[in-house]
Amino acid sequence: MKSVITVELPQQAYDVAIAPGGLTQLGSWMQPLKLGKKVLLVSSPPIFRHYGERAIATLTESGFDVTYCLLPAGERYKTAASLQKIYDAALAQRLERSSTIVALGGGVVGDMAGFAAATWLRGIAFVQVPTSLLAMVDASIGGKTGINHPHGKNLIGAFHQPRLVLIDPEVLQTLPAREFRAGMAEVIKYGIIWDVELFEQLEQAAQLDQRRYLSPELIQLILTRSCQAKAHVVSKDEKEAGLRAILNYGHTIGHAVESLTGYRVVNHGEAVAIGMVAAGAIAVQLGLWTQVECDRQTALIQKVGLPTRLPPNLDLDAILDALQTDKKVSAGQVRFVLPTHIGATIVSEQATSEVIRPVLQALQ
């Protein structure tokens, strides 16, 4: 059930390959890209224990000279200190402009490895091998790379497109259930912003809270439809000048919740789920969509086993203040992605503090 989706970009198109068992052919996938011999593999200890030797073996068999760098797992380690470790490894390996950084891991590893590739020698090649559902359907595609600032998420970064994204669905078998649910938040997002058929397929599934309850066919459909949506949007708007903003659905309040809880209480997908519930309620308050559709969204989020309420003891004023540091603020006004019906959204500046506060109060 292999499928290949091309991200069509003016400077350089690249493929998103969804290939069961594909990790063992990583070297073969990279060979046609005409990359230099030196490769720095960036991963985290848990992922490397499962898949590191396999990745290094296939790269070595294909003629690449491979070394690796391991970073702590978790959003709170997405920092300048972790980035420095990649730079140190790049220096030790004497990476050249023809060299490649390969990210083997989830979204945090991908973001940091991508930013290192964007900035080392002013930009070298980069390959994404995502191992979490969230990274597969979202973070690995589109070239957004970066690290967090103590006062906000992803405030330091660059657009740097990968040369290849290789997705092996079989690696999801070792993904913890909580991380699988986090990825499903982004899948639901695609249903709301773009793909009503995907949303309806998820509604029809018997159970969605653990990987083992989903058939290989449903996993393949989720990956393919989500990646197609992301690739289409990125192809139309590489650097978020317009359409790409819809990919931030649920992320505005979600990012605030993540940063205010120190990236320790909720993970990214859980924060996005809370953000989608809030954005849906805001859209109802503004008369943009119906309560019925809003309830369908909430029911699907609950079906996946994701939170629909704010973490306890989170100060509402702190959330409203954090929204002002969001990257999508324009002239001091927060720009929200809000649904108009399942499968379509708009970017709106109508969500004032007077609208947002009662919605957040209801989610306490």
- request: Enumerate the calculated ³J(HN,Hα) couplings along the range 283-299 in order (Karplus 6.51 cos²θ - 1.76 cosθ + 1.60, θ = phi - 60°), each rounded to whole Hz, writing x wherever the residue is Gly or Pro.
  value: 5, 5, 4, 8, x, 8, 8, 8, 5, 4, 5, 4, 5, 5, 4, 4, 4
task: Pop out the ³J(HN,Hα) list for the range 158-169 in order, Karplus 6.51 cos²θ - 1.76 cosθ + 1.60 with θ = phi - 60°, rounded to Hz; leave Gly and Pro as x.
output: 7, 7, 8, 6, x, 7, 7, 10, 10, 10, 10, x
message: Could you tell me which residue out of Gly123, Ala73, Ile188 lies farthest along the dipole of the chain toward its positive end? Charges go on the beta carbon: Lys and Arg +1, Asp and Glu -1, centred on the Cα centre.
response: Gly123
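Figure the gain on full extension for Asn313 and Gln204 (residue separation times 0.36 nm, minus the Cα-Cα span) and round it to one decimal in nm.
Extra length available between Asn313 and Gln204 comes to 35.7 nm.
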query: Taking the Cα centre of the chain as the origin, how large is its charge dipole in debye, to the nearest 20, when only Lys and Arg (+1) and Asp and Glu (-1) carry charge on their Cβ atoms?
result: 820
statement: For Lys34, counting only aspartates and glutamates whose alpha-carbon sits under 17 Å away and dropping same-chain residues fewer than eight positions off, the answer is Asp15, Glu61, Asp65, Glu96
message: For the range 177-362, what are Rg and Dmax over the alpha carbons, in angstrom?
response: 15.6, 47
query: Which shape class applies to the range 3-174: rounded if a/c is under 1.5, otherwise prolate when a/b exceeds b/c and oblate if not, where a ≥ b ≥ c are the square roots of the Cα gyration tensor eigenvalues?
result: rounded
message: Between Leu155 and Asp88, what is 0.36 nm times their sequence separation minus the Cα-Cα distance? Round to one decimal in nm.
response: 21.9 nm
Listed peptides 127-138, 24-35 by packing density, highest first (mean Cβ within 10 Å): 127-138, 24-35
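Mind putting a number on the dipole of the range 3-174 about its Cα centre? Charges go on the C-beta only, +1 for Lys and Arg and -1 for Asp and Glu, and I need it in Debye to the nearest 20.
Value, rounded to 20: 480 debye.
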- line: If amide H atoms are modeled at 1.01 Å from N in the peptide plane, then the residues at a separation of 5 or more from Ile101, or on another chain, having amide H under 5 Å from its own are Leu40, Ala125, Phe126, Val127
statement: With a 19 Å threshold on alpha-carbon distance, the violating pairs from Lys85/Lys230; Lys189/Lys230; Lys78/Lys239; Lys144/Lys239; Lys144/Lys303; Lys38/Lys230 are Lys85/Lys230; Lys78/Lys239; Lys144/Lys303; Lys38/Lys230
- request: Rank Met276, Gln291, Ile301 by how far each Cα sits towards the positive end of the charge dipole of the range 248-364 (+1 on Lys, Arg Cβ; -1 on Asp, Glu Cβ) and give me just the farthest.
  value: Ile301
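Every read-out reported here was derived from the displayed coordinates using simple, explicitly stated rules and does not represent laboratory data. As the structure is a prediction and not an experimental result, all values here were calculated from the model. Methodologically, a virtual Cβ is constructed for each residue, glycine included, from the backbone with ideal geometry; neighbour enumeration extends over all protein chains shown.
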